[in-house]
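Each reported figure results from applying straightforward, stated rules to the coordinates on display, with no laboratory input. Everything quoted here is computed from the prediction, not taken from an experiment. We place every Cβ from the backbone using ideal geometry, glycine too, and count neighbours over all the protein chains shown.
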């Protein structure tokens with residue numbers, strides 16, 4: 001698996017390969033199109049609790065439902081991270097945009113600025129991480145606002 005540590009206990013990455021056993025406690029699956037069920041009974045480790053976060057990265061603006069889903073997932077990641085003692089993985093197909101969105105929003109929830117949250121994702125996953133302009137706009141506009149009440153504008 002191609003995974004990178006963003007912070008102690010918090011990882012993000014691309015789709016895992018079949019047959020590879022990973023050791024995570026909480027996993028957030030952000031690629032709606034990937035058949036994770038075909039990877040075997042415990043692709044993320046036998047203790048992993050898996051949450052599906054079906055987001056799209058087609059270049060169109062995210063729907064209101066996708067925005068709510070991303071914010072709910074990021075709040076859950078932040079809450080689990082604050083608890084400590086867990087290995088959290090946020091993953092999508094490439095480990096760049098959808099997982100980057102959820103991780104960056106979680107970092108905002110934990111007190112980071114948009115610049116620092118985006119920087120942490122890009123430092124972990126490379127300069128092409130968060131290349132989706134809609135996701136970057138969402139991260140910037142989400143700072144300081146209550147999640148689930150965030151309005152999505154129509155231009156990147």
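Look at (1) within 15 Å of the chain's Cα centre (by Cα); (2) within 22 Å of residue 125 (Cβ to Cβ) and you find that residue 59 fails only one, number (1).
Screening region 104-139 for residues that are more than 14 Å from the chain's Cα centre (by Cα) and on the phi > 0 side of the Ramachandran plot and picking the one that is surrounded by the most Cβ atoms within 10 Å (Cβ to Cβ) gives 126.
Identify, please: which residue in region 78-93 is touching a helix residue (DSSP H, G or I) at 6+ places or on another chain (Cβ under 8 Å) and touching a residue at least 40 places away in the same chain (Cβ under 8 Å) and is, among those, surrounded by the most Cβ atoms within 10 Å (Cβ to Cβ)? Top of the filtered list is 90.
State whether the residues of region 94-106 include one that is closer than 19 Å to residue 49 by Cβ and without any contact (Cβ under 8 Å) to a residue 40 or more places away in the chain. No, region 94-106 contains no residue that is closer than 19 Å to residue 49 by Cβ and without any contact (Cβ under 8 Å) to a residue 40 or more places away in the chain.
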